[in-house]
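The values are calculated or read from the model by the stated rules, or taken from the named source; none is laboratory data. Everything numeric in this text was worked out from a predicted model, so none of it was measured. Quick reminder, even Gly has a Cβ in these numbers, built from the backbone with ideal geometry, and neighbours come from all protein chains shown.
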Amino acid sequence: MSDMSNINPLYHNAFGVAFQWKRCPTKKMYKVQLVFRDTGLQLSLEELRQFSKTITATIANAPLCEHCGQDETCRGLLLETPIHQVSFAMSLKELKAIKELVEGTLFQLALDNLLKNS
């Protein structure tokens, strides 16, 4: 990803980055690329929204992890993705970071859409 001229950056944090490829041939193929760890996910807006809900639910179902003390080493939480064959083992810290990445991306997309339509 050394040539930034091929992408439209949307959002980033210390955990990852979200962008869109400029080479997308049609508006129908509107996808967001999320890159974190050693992984890239290309998701539609609806899949991104679904992923956000799944992340929130996974965090809500992990109350014991808040006080575990092994946050850096334990990846005991399984995060499902909109791609049914793909799940991620994550720590609570990573879950919170990906939540912020996805929510920040959704916010930026909504803001871009609002500005484009005004």
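Within the set of pairs 6+ apart or on separate chains, which have a first residue in the range 38-52 that is under 21 Å from A14 (Cβ atoms), a second that is part of a strand (DSSP E or B) and β-branched (V, I, T), and C-beta atoms under 7 Å apart? Pairs that qualify, where the first residue is under 21 Å from A14 (Cβ atoms) and the partner is part of a strand (DSSP E or B) and β-branched (V, I, T), are L43/V32; L48/V32.
Per-residue answers, yes or no, for (1) at pLDDT below 95; (2) out of contact with any His (no Cβ under 7 Å at 6 or more places or on another chain); (3) surrounded by 15 or more Cβ atoms within 10 Å (Cβ to Cβ):
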| residue | (1), (2), (3) |
| --- | --- |
| I7 | yes, yes, yes |
| W21 | yes, yes, no |
| L34 | no, yes, yes |
| R37 | yes, yes, no |
| Q50 | no, yes, yes |
| I55 | no, yes, yes |
| Q70 | yes, yes, no |
| L78 | yes, yes, no |
| H84 | yes, yes, no |
